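Have a look at the structure below, then the notes.
The values are calculated or read from the model by the stated rules, or taken from the named source; none is laboratory data. Worth saying up front: this structure is predicted, and the values here are computed from it rather than measured. Methodologically, a virtual Cβ is constructed for each residue, glycine included, from the backbone with ideal geometry; neighbour enumeration extends over all protein chains shown.
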Amino acid sequence: MLNHLKRSKTLWGIVFLFSGLAGNASGQEAKVDTSYDNNYYLNKRTMYETVEVKPWHVVFLGNSITERGLWNEWFPSVPVVNRGIGGDNCWGVYARLNPILKGKPAAIFMMIGINDLGRGLSADMIASKYAQIIQKVKSDSPGTRLVLQTVLPINESTVRYDYMKGKTSAIKTLNEHIRELGNRYNLQVIDLFRVFAGDGDQLPEEFCVDGLHLNEKGYQIWVKYFKEHKVLCQ
């Protein structure tokens, strides 16, 4: 009887082993972390939802890089509302679109994706979620001008976050997808990666605080580009 139990356990172990291998081969997405609803996200989202988006608003949508910008002060003549949430990803943005689109805003300027890359998501998978976001905006608020902004470069030599190191190639690939999505859906794409990196692929150290987030000088590059090209007036 004991030998029979041992043999049974061995057989079941083999079954589970092969089942696990099969699962890894056919469903790797199950292991990918696309979560977003942490306490900070939920609190910030709730705070934003207490202020209704109006048809004349220009929404800046994204993660911490958007959240940290003083957009109202930098563009005092534009009715900007900041909808950036630190740590957010494409899945988090998609989940909070309804209250934004309900207000039928004049425009949405979106930058998102760096945190997705930091979690190891592929550029293809992120681009697929991007497409869902675009389709939802076009469906729920067709009069809204949606503008895509490419993901900013990072500074590989100074970036403080291990999960962001070595991501330059992935950022460039994702930005290729973003440009392609702009062409596919006839959307304006502001190539901020090129604005900051120039002919290279690194965020200059003088424009960032930790190899990832912008400092005041960095944000002024962004603001200067918008003002010189009259981006918010189009």
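Could you tell me which residue of the stretch 198-234 is farthest from residue 66 (Cα to Cα), considering only residues that are small (Gly, Ala, Ser) and surrounded by fewer than 17 Cβ atoms within 10 Å (Cβ to Cβ)? So that I can check it myself, show each step before the final result.
Filtering the stretch 198-234 down to residues small (Gly, Ala, Ser) leaves 198, 200, 211, 218.
Now drop any that are not surrounded by fewer than 17 Cβ atoms within 10 Å (Cβ to Cβ), which leaves 198, 200.
Numbers: 198: 21, 200: 23 Å.
Step by step, filter the stretch 198-234, then rank; the result is 200.
Take the conditions in contact with a helix residue (DSSP H, G or I) (Cβ under 6 Å, 6 or more places away or on another chain) and buried (at least 20 other Cβ atoms within 10 Å of the Cβ) and apply them to residue 151. Does it pass?
Values: in contact with a helix residue (DSSP H, G or I) (Cβ under 6 Å, 6 or more places away or on another chain): yes; buried (at least 20 other Cβ atoms within 10 Å of the Cβ): yes.
In short, yes.
Among the helices (runs of 4 or more DSSP H) contained in the stretch 1-119, which hold 2 or more residues that are surrounded by 15 or more Cβ atoms within 10 Å (Cβ to Cβ) and either modelled with pLDDT of 95 or more or touching a Gly at 6+ places or on another chain (Cβ under 9 Å) (or both)?
On the way: elements: 2-26, 39-49, 64-67, 71-74, 90-95, 97-102, 114-118.
Filter on the stretch 1-119 gives 39-49, 64-67, 71-74, 90-95, 97-102, 114-118.
So which pairs qualify, if the first residue must be in the stretch 121-145 and in contact (Cβ under 8 Å) with a residue 24 or more places away in the chain and of a type in the set (A, V, I, L, M), the second must be surrounded by fewer than 18 Cβ atoms within 10 Å (Cβ to Cβ) and not in a helix (DSSP H, G or I), the Cβ gap must be under 6 Å, and the two must be at least 6 apart or on different chains?
Partner pairs satisfying both residue conditions: 121/32; 134/185.
Examine the stretch 150-163 for a residue that is within 13 Å of the chain's Cα centre (by Cα) and not in a loop (DSSP other than H, G, I, E, B), and state whether such a residue exists.
no
Only one of (1) more than 13 Å from the chain's Cα centre (by Cα); (2) more than 26 Å from residue 78 (Cα to Cα); (3) of a type outside the set (Phe, Trp, Tyr) is not met by residue 192, so which one is it?
(2)
Filtering the stretch 127-148 down to residues that are touching a Leu at 6+ places or on another chain (Cβ under 6 Å), part of a helix (DSSP H, G or I) and of a type outside the set (Phe, Trp, Tyr), which residue is farthest from residue 189 (Cα to Cα)?
Of the stretch 127-148, the ones touching a Leu at 6+ places or on another chain (Cβ under 6 Å) are 130, 136-137, 140-141, 146, 148.
After this cut, where a residue has to be part of a helix (DSSP H, G or I) as well, the list is 130, 136-137, 140.
If we keep only those that are of a type outside the set (Phe, Trp, Tyr) too, we end up with 136-137, 140.
Working: 136: 18, 137: 15, 140: 21 Å.
Applying the filter and picking the extreme gives 140.
Residue 68 fails exactly one of the following numbered conditions: (1) touching a residue at least 60 places away in the same chain (Cβ under 8 Å); (2) of a type in the set (Lys, Arg); (3) on the phi > 0 side of the Ramachandran plot. What is the number of that condition?
(3)
Restricting to the stretch 180-207, name every residue that is part of a helix (DSSP H, G or I), of a type outside the set (A, V, I, L, M) and in contact with a Phe, Trp or Tyr (Cβ under 9 Å, 6 or more places away or on another chain). Break it down into steps so the answer makes sense when it comes.
Quick first cut of the stretch 180-207, residues part of a helix (DSSP H, G or I) only: 180-184, 192-197, 205-207.
Add one more test, that the residue is of a type outside the set (A, V, I, L, M), and what stays is 180, 182-184, 193-194, 196, 205-207.
Result: 196, 207.
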